[in-house]
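The values are calculated or read from the model by the stated rules, or taken from the named source; none is laboratory data. Worth saying up front: this structure is predicted, and the values here are computed from it rather than measured. Positions of Cβ are generated from backbone atoms using ideal geometry, with glycine treated the same way; all protein chains shown enter the neighbour counts.
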Amino acid sequence: MDTEGSQISRHGGVAPPAPSVRRLHFDVGARPFLVLVELTRACDLACRHCRAESVRDRDPAELTTAELTALLDDLASLGAPRPRVVFTGGDPFHRPDLEELVRHGSSAGLSVAVSPAGTPRATAERFGALRRAGAVAASLSIDGAGPSTHDAFRRVDGSFDWTVQACRAAVAAGLRLQVNTTVSRETVADLPGIARLVADLAVVMWSVFFVVPVGRAEQLQPLGADETEDVLHFLHELAPRVPLKTTEAPAYRRVMLEGEAGGHSAWRPGPLFDELHARLRAIWPEALDPEAPGRRVHDGRRRAPLSVGDGRGVVFVSHVGDVQPSGFLPLVAGNVRERPLTSLYRDSPLLRSLRDPARLGGRCGRCDYADSCGGSRSQAYGRSGDPLGEDASCAYVP
Ligand code: SF4
């Protein structure tokens, strides 16, 4: 979800001097910034990239309402600045207690967002109820510029139209909208069209997620490191037009820092960058000119990414209470049924190791940008089995 907020300061701590990576005011070793809570794995879709390997029916072993309210109380007990909470799935709209949970978290002072699936369950009435319960934001996934790509990816005809309607309903209900897009070989060519669509939808954030080979996504084709680099540079060009961030590709921070420092010395545009550029120029030429009049969804400045990552400010709780560094890194630090999340987050050896740049291996371990980037620990684990290894999705050679 949107990670902008008052808990953030703009100052870099790495060479070169960098105003373009934001850091938190508080110690991410002591409290998380963002907690993703998987309420259920039940979902009416069967998406090709689904981390949760969603199923039709709810699991009887899901965390109960009482267990989830206890989890929210535990997080609220940290006091300000309290973590942000995202209810995710599966599809959280399968939980009849969703509004009750949102109300409980909001009343306790937590900022609560919901990440539903784009299905007929995502109605204007349901978004209105979420807003009245205190939710501040919603995120929905769009993986194609139109029905042909998106519906094939989601494997349900009609899901593109449902999702776009749901986006409009969420905004109309007063929720801040984030759109999530999965990048793989199957979807990458649609990025220019999706960029134009999210601008039309008035998103507060476009989260571009680089597929991690876990769950059903093992069947997808992740981009190679050089292709990923081309996409990161393409996004960097788009950033003055669309508020965006990357997920599981923190090397975007390095691309921004290099840009701030005066250029990208080692990178030369590859065929994928040229293709994306040409497609964007054909459908939305002013997007590549920050000074051009026309559609602009924010103030024209590139939005600085936040220096947090898997287990380092971000933590995931599965539908049965397992605590993981991320939903894409299936190593378990403990279970909230046995120990409070705040305690597990602080003390788990697994999470502590992921917060220590000195423990990183390979290129990430000797990289100038390890402190601000550190590589995606999920990509490292998904591609090598070592969560502290190098992020092989990054092309940078320190
Ligand atoms: S080598 Fe690792 S730490 Fe350095 S930019 Fe790439 S992913 Fe980030």
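Within the bounds of the stretch 149-158, is there any residue that is touching a Pro at 6+ places or on another chain (Cβ under 9 Å), at pLDDT 95 or above and either under 21 Å from ASP44 (Cα atoms) or not in a helix (DSSP H, G or I) (or both)?
Checking the stretch 149-158: not a single residue is touching a Pro at 6+ places or on another chain (Cβ under 9 Å), at pLDDT 95 or above and either under 21 Å from ASP44 (Cα atoms) or not in a helix (DSSP H, G or I) (or both).
Considering THR123, THR119, which residue is buried (at least 18 other Cβ atoms within 10 Å of the Cβ) and more than 30 Å from SER77 (Cα to Cα)?
Of THR123, THR119, the one residue that is buried (at least 18 other Cβ atoms within 10 Å of the Cβ) and more than 30 Å from SER77 (Cα to Cα) is THR119.
May I ask you to verify whether ARG126 is part of a helix (DSSP H, G or I) and under 20 Å from ARG84 (Cα atoms)?
no
Being touching an Asp or Glu at 6+ places or on another chain (Cβ under 6 Å) and surrounded by 23 or more Cβ atoms within 10 Å (Cβ to Cβ) is the filter; apply it to the stretch 329-353 and report the residue that is modelled with the lowest pLDDT.
Once the filter is applied, the top-ranked residue is LEU329.
Being buried (at least 19 other Cβ atoms within 10 Å of the Cβ), in contact (Cβ under 8 Å) with a residue 60 or more places away in the chain, of a type outside the set (A, V, I, L, M) and assigned to a helix (DSSP H, G or I), is that true of even one residue in the stretch 183-192?
The answer is yes; a qualifying residue exists.
Determine if the stretch 216-228 includes at least one residue that is out of contact with any His (no Cβ under 6 Å at 6 or more places or on another chain), in contact (Cβ under 8 Å) with a residue 60 or more places away in the chain, more than 25 Å from ALA170 (Cα to Cα) and among the polar types (S, T, N, Q).
Yes, the conditions are met somewhere in the stretch 216-228.
Quick one: in the stretch 345-397, of everything that is in a loop (DSSP other than H, G, I, E, B) and basic (Lys, Arg), which residue is farthest from the ligand (Cβ to nearest atom)?
Step by step, filter the stretch 345-397, then rank; the result is ARG355.
Could you figure out which of (1) buried (at least 17 other Cβ atoms within 10 Å of the Cβ); (2) over 18 Å from the mean Cα position of the chain (by Cα) isn't true of ALA61?
Answer for ALA61: the failing condition is (1).
Only one of (1) part of a helix (DSSP H, G or I); (2) surrounded by 23 or more Cβ atoms within 10 Å (Cβ to Cβ) is not met by ALA199, so which one is it?
Going through (1) part of a helix (DSSP H, G or I); (2) surrounded by 23 or more Cβ atoms within 10 Å (Cβ to Cβ) one by one, ALA199 breaks only (2).
Determine, yes or no, whether VAL317 is crowded, with 24+ Cβ neighbours inside 10 Å, closer than 30 Å to SER77 by Cα and more than 14 Å from the ligand (Cβ to nearest atom).
It is true that VAL317 is crowded, with 24+ Cβ neighbours inside 10 Å, closer than 30 Å to SER77 by Cα and more than 14 Å from the ligand (Cβ to nearest atom).
So for the stretch 99-117 (the condition being modelled with pLDDT under 95 and within 20 Å of the chain's Cα centre (by Cα)), does at least one residue qualify?
Yes - at least one qualifying residue is present in the stretch 99-117.
Which of the residues belonging to the stretch 372-398 are among the hydrophobic types (A, V, I, L, M, F, W, C) and in contact (Cβ under 8 Å) with a residue 40 or more places away in the chain?
Within the stretch 372-398, CYS373, ALA392, CYS394, ALA395, VAL397 qualify.
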